[in-house]
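Throughout, read-outs are computed from the coordinates displayed, never taken from laboratory work. The shown structure was predicted, so the numbers you read here are calculated from the model rather than taken from an experiment. Every residue, glycine among them, receives a Cβ derived from its backbone with ideal geometry; neighbour counts consider all protein chains shown.
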Amino acid sequence: MHELSLCQSLIDQVQQIALTHGAQSVGLVTLKVGPLSGVEPSLMQHAYPFASAGTLAAKSTLVIELAPLKVRCESCGTETEAEPSWLVCAACGSCHTQLVSGDEMMLMSVELITAEGTNHV
Amino acid sequence: MCDTCGCNITPSNREFAYKPVNGTTAVAVLKNLLARNDDQAIHNRQHFDQHRLLAINLMSSPGSGKTALLEATIDALRNEYRIGVIEGDLETENDAERIRAKGAPAHQITTGSACHLDAHMMHDALHQFPLAGLDILFIENVGNLVCPASFDLGQHRNVILLSVTEGDDKPAKYPVMFRAADLVLLTKSDLLPLLDDFSPARAEANLRNLASTVPVMQLAARKALGLQPWLDWLRSELARQRARVGRGETVQPRMQPDAVHLHEAAT
């Protein structure tokens, strides 16, 4: 989708968090991305160094956790694994399902580096 | 209290919020990457609700007949509702001119090279486009089955067009887009007898495989065929929107099912 602009908004959020906590720099930035989020993890990784350059996150590492694709059936109540173009219940075949995981593009956590531990940068 | 300046950190939660361990601290965030867009979209939706109008985002591939659908809809509802249109295209004022030629107000957003509208572009447009007196605002998104799906503009409903010349497997190929639909329109249906490779039943089955239970309708806007169910859907959606506004509620399209934000209707 728009991985560079998404990276820029990610870096804005990370910067804000780092400034709020008075951190000198940022270590690990962890995202959770699902297959139905519209975000392509490899493009996100490529864009990240360009978006983070010159910010407190310049030397940080982006970690992308892949969220599994799961649906819960409203008919039989079973939770099953799904595919992006096949979101029906794998147990009973009903198309009345709710996505319980798989469309997230979420900033999960940020590792901040403070003065005492500059060797962690 | 907010979560930007640190004023939400209290003595009792400080250890969770800020815990230096050898100079490194992990801070849990749990924030959507599109949070800034989504905040703006909520603001736009408040504008729409203040004017008691129904905002509909039309999405499809280029050339599937979004503008033709709007022309036919404006003609059909001319004596019933006041309709306004915000058009999104990379270049040209062509679509806005087609809408104005039908006597409806239109504003053209030219995105340059951006392949979708976002909530900020929409907000800028709202400052140049009077909403007063409108019953229905259509937002004709940039023709694209990928990016527009991810950007909430503040609309209440998403309508996705699939023209019968495109292929009935489009919902399977573009699941992020078709999952976002509140209504799917199979357009140019007058061409079906000429096409041996498009099955409306297969298109609908591919949509159902995405766990979508939304209505699917066939129509041919330029021939004014099959418009009635679409017009009835609009009438009932507008009635529902008016009822929601009366209760001080609002609604988001299907793409954010878990994030329905309620707010007080401004008076």
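Some values worked out for this structure:
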item: Antiparallel DSSP beta bridges within segment B:125-267, percent to nearest 5; result: 10
item: D (Stokes-Einstein, µm²/s), Kirkwood Cα radius, the protein assembly as shown, 1.002 mPa s at 20 °C; result: 95
item: Beta bridges per DSSP with both ends in segment B:35-246, % antiparallel, nearest 5; result: 5
item: Cα-centre dipole for segment A:54-118 with unit charges at Cβ (Lys and Arg positive, Asp and Glu negative), debye to 20; result: 60
item: Cα-only radius of gyration and Dmax that characterise chain B, units Å; result: 20.7, 72
item: Once exposed loop GluC sites (Glu not before Pro) are cut out (DSSP; at most 10 other Cβ, 10 Å), longest piece of chain B; result: B:92-263
item: Virtual paramagnetic centre 7 Å along Cα→Cβ of B:ASP190, amide N under 18 Å, in segment B:75-112; result: B:75-77
item: Proximal aspartates and glutamates relative to A:LYS59, as straight alpha-carbon distance under 20 Å, when same-chain residues fewer than 8 apart are discounted; result: A:GLU3, A:ASP12, A:GLU111, A:GLU116
item: Within the protein assembly as shown: Cβ-based charge dipole about Cα centre, in debye rounded to nearest 20 (Lys, Arg +1; Asp, Glu -1); result: 620
item: Neighbour-limited loop hits for trypsin sites (Lys or Arg not before Pro), segment A:4-112 (at most 16 other Cβ within 10 Å; DSSP other than H, G, I, E, B); result: A:LYS59
item: Amide H partners (placed H, <5 Å) of A:GLY27, local residues excluded; result: A:GLU111, A:LEU112, A:ILE113
item: Charge sum, other residues only, whose C-beta stays under 11 Å from B:LEU195's C-beta, Lys/Arg counted +1 and Asp/Glu -1; result: -4
item: Most positive-pole-ward Cα, A:SER37, A:ALA91, A:LEU112, against dipole of chain A from beta carbon charges; result: A:LEU112
item: MRE, 222 nm, helices only [DSSP H, n ≥ 4, -39500 (n - 2.57), over chain B, to nearest 500]; result: -9000 deg cm²/dmol
item: For the protein assembly as shown, share of DSSP beta bridges that run antiparallel, in % to the nearest 5; result: 40
